[in-house]
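The values are calculated or read from the model by the stated rules, or taken from the named source; none is laboratory data. These figures come from a predicted structure and were not determined experimentally. Neighbour counts run over all protein chains shown; Cβ positions are idealised from the backbone, glycine included. Ligands, DNA and RNA are stripped out before the accessible areas are found, and what is left, the full protein with its side chains, is counted by its heavy atoms. Shrake-Rupley method; radii C 1.70, N 1.55, O 1.52, S 1.80 Å.
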Amino acid sequence: MKRAVAMGIVVALVAGSAFTLWRVTLGSEDEPQEDDRRQVEHQGAEEQATIPKKAYLRGACDLPATWVKYIRRGWDPSPVRDRDLILVPRERNYVGTFTYTPHSGPYDYLQRVPMVWYGPNFIEDKGPIDPDREITVADIAPTEARILGFDWPPTRSQPPMAEALRKTDERPRLLVTISIDGGGLNALDEWPDRWPTLKRLMEEGTSYTNAVVGASPSITPAAHTSMSTGVHPRWHGVTSIGVRADNGDIVGGFSAEPDTSSAAVADPRINLDLPTLADLWDQANENDPLVAGVMSGNYALGRVGFGSAMEGGDKDIVAMHARGEWVTNEDFYELPDYLTNGVVRGPEDLIDAVDRLDGKADDRWRGHDIPIDSSPVLAEFENRALFELIEREKFGADDTTDLLYVQYKSPDAAGHKYNMIAPEQGDVIESVDTAIDELIGFLDDAVGPDEYALVVTADHGQTPLGLGGWPINRPEVVEDVHRRFAKEGVEARLIQRTSSTSFFMNKRGMRVQGVTPQEISSFLSRYTIGDNIPDGARIPEGYSERLDERIFAAVFSGRDLNAVVRCTGASD
Ligand SMILES: [Zn+2]
């Protein structure tokens, strides 16, 4: 229901011809959903009176209420997802391999993020605080709205982090939102001496030590959009990297095809249901504020917003890098010439500098090639673009507050490539910390120490190797489901697409095979490590005594989510 209300706000705010197509699309797909949703809620009401009869649902009812709260906030409630499965691997298990880990889930170690506000004239110097209420990344936008002195839509009900804010009638000239991609507290704590700048900001500003992402999957497009819209993915629509559209197709967060992070196709209209703080601030000030985002590919596009895709909106600057080049989608955003015509140097000279980190100019860093995205090269490359933008566009030069969004991508990229426990991650975290220090120095000079405010946070933590969890073999699960349920000689597949927290089910295949999501949930709830080892494969060392251990804490379908919310007592 909240989704319908939220869409109403969009319609009200962006009434106009350019949005007609978008509105009609949402509206026409909404109608059948409403009927379906009433049925779902009716079923839920019956289930409330009794503990669910099905064993797999009773298992889901043992999940911590906090996990279920996060899962609900990250789940699109549309009936198109009723048949899709929600996977909750037992803590420390993950869908991956012995060398590759994802970072999506409701677990504390993925959820906890830094939340550091700084700006001597606007932010209190309370140091680390731990207020007796939940703090999530969705609280950033309402806090920034408060700093701007701007009325935040009352339907987006997250309270601001008011205790961090000085009582003042002044407004900053520039507000900077920095995310360290993959810079959750567990990744930072693994390398405690490599981020002195962030520690200094935690002491000199106000730092919320209890901050969390607040939704699962804890994944880049979803969390960044929560930061800027002030609501969790259930309500803003950008739930993951692969998203089930209302017509049933699987699309990307900001692209018509899933897994497309390319800047050229960055399209905010695909899933984003709400205008962001930047969209609203621009609209309220006749596009006078400067708005820019510097990011990696299109996954963090949701923090800037619609640009000119919104009626009356202007082309904000969105600079997205891919392999050392700056690009954008020129349909809706602007990319200044000086980012592409050679004025901004690099990344070749930065690669040379990283090469020499170990004292030898041998084109190697810690014994291997020097990748741009997952090495200390990237943070400084990102900073060069930022400095050029701030100076040439005159960010923070007048009384209308400008908005700048920065995504430092390398900790996430290095975490996927080397893992967060590898020494490469320490180098990369230090490079981002140095970049933040240099950015602050630059802002002090270019804008003035009393004229800006900033926040540093992260979109998720990371999964460390070596904790003894089971890396869930995804192809083997998919094959085992098919083998268990497919009729002999009938090829129709049951699973359309997988992610680390959800299986997108093939509706037609399930009909042809005569299988329900409940049956597959029940099967996977009992699925063990032994089941997940392919026939004939060697049992990995350390697991021979654990073959009967169940892999998942729970598996249930989207249709079952309401029942699980009720039986766990999870509320929002
Ligand atoms: Zn990320």
Legend entry - Pairwise centroid distance, computed over Cα atoms, of segment 154-187 with segment 407-474, Å: 18
Inset, instruction - Check the chain and count each lysine pair with an alpha-carbon distance under 25 angstrom, considering only pairs eight or more places apart or from different chains. - result: 16
Inset, instruction - Determine the calculated [θ] at 222 nm for the chain from helices alone, applying -39500 (n - 2.57) to every DSSP H run no shorter than 4 residues and normalising by the residue count; nearest 500 deg cm²/dmol. - result: -10500 deg cm²/dmol
Inset, instruction - Report, in cubic angstrom per residue, the convex hull volume of the C-alpha atoms of segment 192-269. - result: 141
Legend entry - Relative packing of peptides 67-75, 488-496 - highest average C-beta neighbours within 10 Å first: 67-75, 488-496
Inset, instruction - Work the Kirkwood hydrodynamic radius out for the chain: mean of 1/r over every pair of different alpha-carbon atoms, inverted, in Å. - result: 24.4
Inset, instruction - Quick one: divide the alpha-carbon radius of gyration of segment 103-235 by 2.2 N^0.38 Å and tell me what you get. - result: 1.02
Inset, instruction - Could you pull the Cα extents of segment 450-501 along its three principal axes, largest to smallest, in whole Å? - result: 72, 29, 10
Inset, instruction - Choose one of Tyr94, Ala278, Ile372: the residue whose Cα lies farthest towards the positive end of the charge dipole of the chain (beta-carbon charges +1 Lys, Arg; -1 Asp, Glu; about the Cα centre). - result: Tyr94
Legend entry - Centroid-to-centroid separation of segment 248-285 and segment 516-572 [C-alpha atoms, Å]: 33
Inset, instruction - Would you compute, for the Cα atoms of segment 246-371, the largest minus smallest coordinate along each principal axis and list the three values in descending order, in whole Å? - result: 54, 39, 22
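Restricting to the chain, what percent of DSSP beta bridges are antiparallel, rounded to 5?
The antiparallel fraction comes to roughly 45 percent.
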Inset, instruction - Determine the share of the chain's accessible area contributed by carbon and sulfur atoms, expressed in whole percent, with a 1.4 angstrom probe. - result: 47
Legend entry - Residue-normalised accessible area of the chain, expressed per residue, 1.4 Å probe, Å²: 39
Inset, instruction - Measure off 7 Å from each Cα along the Cα-to-Cβ vector at Asp151 and Arg166, then give the distance between these two points in nanometres to one decimal. - result: 2.8
Inset, instruction - Between the alpha-carbon centers of segment 353-391 and segment 81-115, tell me the distance in whole angstrom. - result: 30
Legend entry - Shape of segment 168-301, Cα gyration tensor, a/c cut at 1.5: oblate
Legend entry - Neighbourhood net charge (14 Å Cβ-Cβ; Lys/Arg +1, Asp/Glu -1) for Gly127: -3
